[in-house]
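Only the coordinates and a few stated rules stand behind these numbers; no lab work does. Computed from a prediction, not measured in an experiment: that's the story for all the values here. As a convention, Cβ positions derive from the backbone with ideal geometry for all residues, glycine included, and neighbour counts pool all protein chains shown.
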Amino acid sequence: MQLVLWDIDGTLVRSRGGRVSLTAFMHALRAACAVELTRDPNGRLVYPADVGGKTDPQIVLEILVEHLGAERAEALLEPFGSAYLDQLLEQRAALAADLRVLPGVPEALARLQQLGVCQTLLTGNLEPVARLKLACAGLDHVFAFDLGAYGSDHRDRTRLVPITLERVRAATGQVPEHVVVIGDTPRDVACARAGGARAVAVATGSYSLAELAAHQPDVVLEDLHDTDAVLEALLGYSTHRSQSAPIV
């Protein structure tokens, strides 16, 4: 069994600039936690440092600890998640218009599906938010959502690969012999390494090809335009060859 674990934001989709998710995030902080993010002198929102690849619960917890202290922060994670999802559902049409499926994604997903590869998610998004985003992007028909791992499962991204492996084992009775994580941040690479999975990095998010390569993924791609190259990166062999002939 071959298992491909996809990140969402920056890997499958990106915002067109409408900032719908960010607006919903800020609304949820205000509504559920009474916290307002501050802005720097240039008007940019002040986040915790280096949020790329962190799970949403980890980001929220860091914000809440800074504003409210650790004792109150933990208790507000669940109310925040509910408020965030509610706001995104209210803005569903705007979210759908704002999300852009990245070039090459539909083709890669379709080819993997044709090959019988199990595709699910490994994402920092909360599970219902992940489902909503991919429904808005028209990609929800591809993924075995129940087998994936999400920020709502654990705030530490490096703990997510074992969660999805256990879900696959429980649902199918199989232990995948080939597991690959594909994402656009160094934390996706670290997550794959922690879970013993193949790591494929793609420079379609906020990190450059050189920045990702410095973290030594198994493969780093500039983008997902070349479907054959993407499949070779994910599966470890050319789909034009016998599947028993791995590339070394």
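Output ³J(HN,Hα) for the range 75-89: one whole-Hz value per residue in order, computed from phi by the Karplus curve 6.51 cos²θ - 1.76 cosθ + 1.60 with θ = phi - 60°, and x for Gly and Pro.
Along the range 75-89, the couplings run 5, 9, 4, 5, x, 4, x, 5, 5, 5, 5, 4, 5, 5, 5 Hz.
How long is the range 20-96 along each principal axis, judged by its Cα atoms, biggest number first, in Å?
Here the spans come out as 35, 32, 24 Å, largest first.
For helix 127-136, report the angle its Cα long axis makes with the longest principal axis of the Cα atoms of the chain; keep it between 0 and 90° and round to the nearest 10°.
Computed tilt is about 70 degrees.
With θ set to phi - 60° and the Karplus curve 6.51 cos²θ - 1.76 cosθ + 1.60, what are the ³J(HN,Hα) couplings of the range 103-111 in order, to the nearest whole Hz, using x for Gly and Pro?
x, x, 5, x, 5, 5, 4, 5, 5
Could you give each residue of the range 164-180 its phi-based ³J(HN,Hα) in whole Hz, using Karplus coefficients 6.51, -1.76, 1.60 with θ = phi - 60°, and x for Gly or Pro?
Values, residue by residue: 5, 5, 5, 5, 5, 4, 5, 7, 10, x, 10, 10, x, 8, 9, 10, 9 Hz.
Take peptides 31-42, 148-159 and line them up by average Cβ neighbours within 10 Å, highest first, as a rough protection proxy.
Packing proxy ranking, top to bottom: 148-159, 31-42.
For residue 2, what residues show an amide H to amide H distance below 5 Å, using hydrogens built from the backbone and excluding near sequence neighbours?
Result for residue 2 returns 118.
Using amide H atoms built in the peptide plane, which far-off residues or other-chain residues are under 5 Å from residue 221 H to H?
The answer is 201, 202, 203.
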